[in-house]
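S.K.: If you scroll down you'll find the structure; I have some questions about it.
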């Protein structure tokens, strides 16, 4: 028996062979079995536009732990894998590729461009799936889905049609987030806010002085607004006041609106509905009093003809020139400019360009807070109700409050994108769906398109495990659309993990040179070491400080497991295994009792999503209780008598491999195949220890 074990464990030689053994054995493919309890995880489909990173390795590890554990518990365990065409994000990556090649997207015929993008995406998808295999992901590849599969697209169109019939879809001219660089609209979720320091200008506006950081938008002003409680400006309310501008004299109406902050600047603000979201809402409330929006900045971030001599200038250039001209004309006192005004600026989440609020025609929106014509709750209220009634539970619990707070301020969802890559909007040749509209239907769309009977058996799914940073990007969309389409919440639990950071808790980025390549780690140390390092100190929702030292420590643990197995197999070559060996000594009793206790505690930990606790328990038990204590004691016992101690060694080794398997599947399966007392064809389908069934 010991001849089968090399002196040192070499994961590079065995991991891919072991994975092929699992896959060829069909162990990842559960059947629809009404006698069994279903356990379902939908893989958050990684973007098929590049290699996997440390965050992907973390989700693959956590989801695989749950899947392997529930499979060993006897549940019909489905982990359905997939890939996301990732719309805008893939478009950005592909544009960079074209740029390096000296080409531009707009110069390529559309059909040729789409074919190139599909080939690019499918190539990345194949690479990504290969990498997931290297990490040990025991997902059911026979059910794998892609968000551009025909059946997925059909489901997306069906949902769109249902929303239209319910009066929840509308197309029109509205103020949207516009990325000047990428020439597309973005949802509120696809922008981020950065604190910036800019000058705050106090502009003379007839009898008023107004504070603004954007004097270049003044050509689009349609009103001056003051707070109804502000006594300073009562005499002007309802009047058209004459103001001097850099383009000459103009008249502008003064209105009252409760949104005006009396403590900001002078308490009077200019209203520019075409270029500011708050001002757009102000205009909506005062349509009968003031003119409609006047667009002065075009889609390319340049001033248009409304700006007179500044037409054609980029925003920054125009601002500088306008300020200089206002100073010359006495409309702005240079001494009154507040040069260190700090404020939050909306930027594109991909390129960092400042987002321009832009009034665009033919934009598609989903109503988030209105009730459907067919009756029932709004999309927002469906999700809020499901969470409040605990049909969906968040792990950790604090995210429930965050989720509900975000839902309070929900605006209508802009689902149209002005890019070629994506699912075309029906009847619209120029726009595609926001990728979150299709991926928001992932749980039910993928299961409906997988195998016959899957949706009925595996839906609602059990757990949605994903990053805490996309709780609103994705989780909220899945909850709303899932309940709206199917009548059931798409999952029972939402487990949210934090970011994988470097050892100094800095966010990983290529520019900092602190990125850990998970596949490089696998090549050097093996997938098991990487998996244990990722989960060992990873509590739910917390960011992970990740380092080479942690991986090395878990590689040492893998070597410890290997060496312990070599000793046990060597010492028991002539031993007849006993299914339930009995304790004869205090050491025997202690190890068997501790093993049973650890198995029960680990099951409780995993059921409660405390994977780090379970990992630490089996680490401590195997290294310190089994190896340091019992194996050392067994050497003395075997010197006195033969048989029973060897049987206990084999039994504890086998049961320990079961406990380790969800965390370190490769080394445990390889050792299991050498055991004389194995009870199944593969460890992956063994029973969880100490179960009484």
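S.K.: Restrict the check to the stretch 286-301 and report whether at least one residue is closer than 23 Å to residue 347 by Cβ and assigned to a strand (DSSP E or B).
M.R.: So far as the stretch 286-301 goes, yes, one or more of its residues are closer than 23 Å to residue 347 by Cβ and assigned to a strand (DSSP E or B).
S.K.: Can you name the helices (runs of 4 or more DSSP H) wholly within the stretch 1-114 that have at least 1 residues being touching a helix residue (DSSP H, G or I) at 6+ places or on another chain (Cβ under 7 Å), closer than 30 Å to residue 565 by Cα and not assigned by TED's automatic domain parsing to the domain that holds residue 608? I'd like the intermediate steps shown before the answer.
M.R.: Numbers: elements: 11-24, 54-73, 87-100.
Of the helices (runs of 4 or more DSSP H) lying wholly inside the stretch 1-114, those with at least 1 residues that are touching a helix residue (DSSP H, G or I) at 6+ places or on another chain (Cβ under 7 Å), closer than 30 Å to residue 565 by Cα and not assigned by TED's automatic domain parsing to the domain that holds residue 608 span 11-24, 54-73.
S.K.: Something else about it: Tell me, please, whether a residue that is free of Cβ contacts under 8 Å to residues at least 12 places away in the same chain, surrounded by fewer than 16 Cβ atoms within 10 Å (Cβ to Cβ), part of a loop (DSSP other than H, G, I, E, B) and touching a strand residue (DSSP E or B) at 6+ places or on another chain (Cβ under 9 Å) can be found in the stretch 309-330.
M.R.: yes
S.K.: Residue check, residue 167 against (1) closer than 30 Å to residue 455 by Cα; (2) outside any helix (DSSP H, G or I); (3) modelled with pLDDT under 95, all met but one. Which one?
M.R.: The failed condition is (3).
S.K.: Next question, about the same structure. Against the conditions (1) assigned to a strand (DSSP E or B); (2) in the same structural domain as residue 297 (by TED's automatic domain parsing); (3) over 30 Å from residue 444 (Cα atoms), where does residue 175 fall short? Just the number, please.
M.R.: (2)
S.K.: Give the stretch 353-393 a look and list any residue that's in contact (Cβ under 8 Å) with a residue 24 or more places away in the chain, part of a loop (DSSP other than H, G, I, E, B) and more than 28 Å from residue 171 (Cα to Cα), or say none.
M.R.: Listed by number, the residues that qualify are 391, 392.
S.K.: Residue check: is residue 333 assigned by TED's automatic domain parsing to the domain that holds residue 215, surrounded by fewer than 16 Cβ atoms within 10 Å (Cβ to Cβ) and over 19 Å from residue 201 (Cα atoms)? Write out each step before concluding.
M.R.: Details: assigned by TED's automatic domain parsing to the domain that holds residue 215: yes; surrounded by fewer than 16 Cβ atoms within 10 Å (Cβ to Cβ): yes; over 19 Å from residue 201 (Cα atoms): no.
Spelling it out, it is not the case that residue 333 is assigned by TED's automatic domain parsing to the domain that holds residue 215, surrounded by fewer than 16 Cβ atoms within 10 Å (Cβ to Cβ) and over 19 Å from residue 201 (Cα atoms).
S.K.: When you scan the stretch 534-547, do you find a residue that is part of a helix (DSSP H, G or I) and buried (at least 16 other Cβ atoms within 10 Å of the Cβ), even just one? If you could, list the steps in order and put the result at the bottom.
M.R.: Going residue by residue through the stretch 534-547, those that are part of a helix (DSSP H, G or I) are 534-535.
Filter again for buried (at least 16 other Cβ atoms within 10 Å of the Cβ), leaving 534-535.
Yes: the stretch 534-547 contains one or more residues that are part of a helix (DSSP H, G or I) and buried (at least 16 other Cβ atoms within 10 Å of the Cβ).
S.K.: Which residue pairs have Cβ atoms under 7 Å apart, sit 6 or more places apart or on different chains, and have a first residue in the stretch 93-108 that is more than 16 Å from residue 124 (Cβ to Cβ) and a second that is in a helix (DSSP H, G or I) and at pLDDT 90 or above?
M.R.: Short answer, once both residue conditions are applied: 104/98; 105/95; 105/98; 105/113.
S.K.: Take residue 424 and tell me if it is under 29 Å from residue 455 (Cβ atoms) and touching a residue at least 24 places away in the same chain (Cβ under 8 Å). Explain how you work it out, then say what you get.
M.R.: Working: under 29 Å from residue 455 (Cβ atoms): yes; touching a residue at least 24 places away in the same chain (Cβ under 8 Å): no.
For residue 424, the condition - under 29 Å from residue 455 (Cβ atoms) and touching a residue at least 24 places away in the same chain (Cβ under 8 Å) - is not met.
S.K.: I'd like to verify a number: residues in the stretch 594-640 that are closer than 16 Å to residue 536 by Cβ and within 27 Å of the chain's Cα centre (by Cα), how many?
M.R.: 10
S.K.: What's the number of the condition residue 250 fails, among (1) touching a strand residue (DSSP E or B) at 6+ places or on another chain (Cβ under 6 Å); (2) at pLDDT 95 or above?
M.R.: (2)
S.K.: Test of understanding: among 21, 39, which residue is modelled with pLDDT of 90 or more and under 28 Å from the mean Cα position of the chain (by Cα)? Even if it seems obvious, please write down each step before you answer.
M.R.: Working: 21 fails: under 28 Å from the mean Cα position of the chain (by Cα).
Step by step, each of 21, 39 is checked, and only 39 is modelled with pLDDT of 90 or more and under 28 Å from the mean Cα position of the chain (by Cα).
The values are calculated or read from the model by the stated rules, or taken from the named source; none is laboratory data. This one's a predicted model, so the numbers in the text were calculated from it and none came from an experiment. Ideal geometry is used to build each Cβ from the backbone, glycine not excepted, and the neighbour counts take in all protein chains shown.
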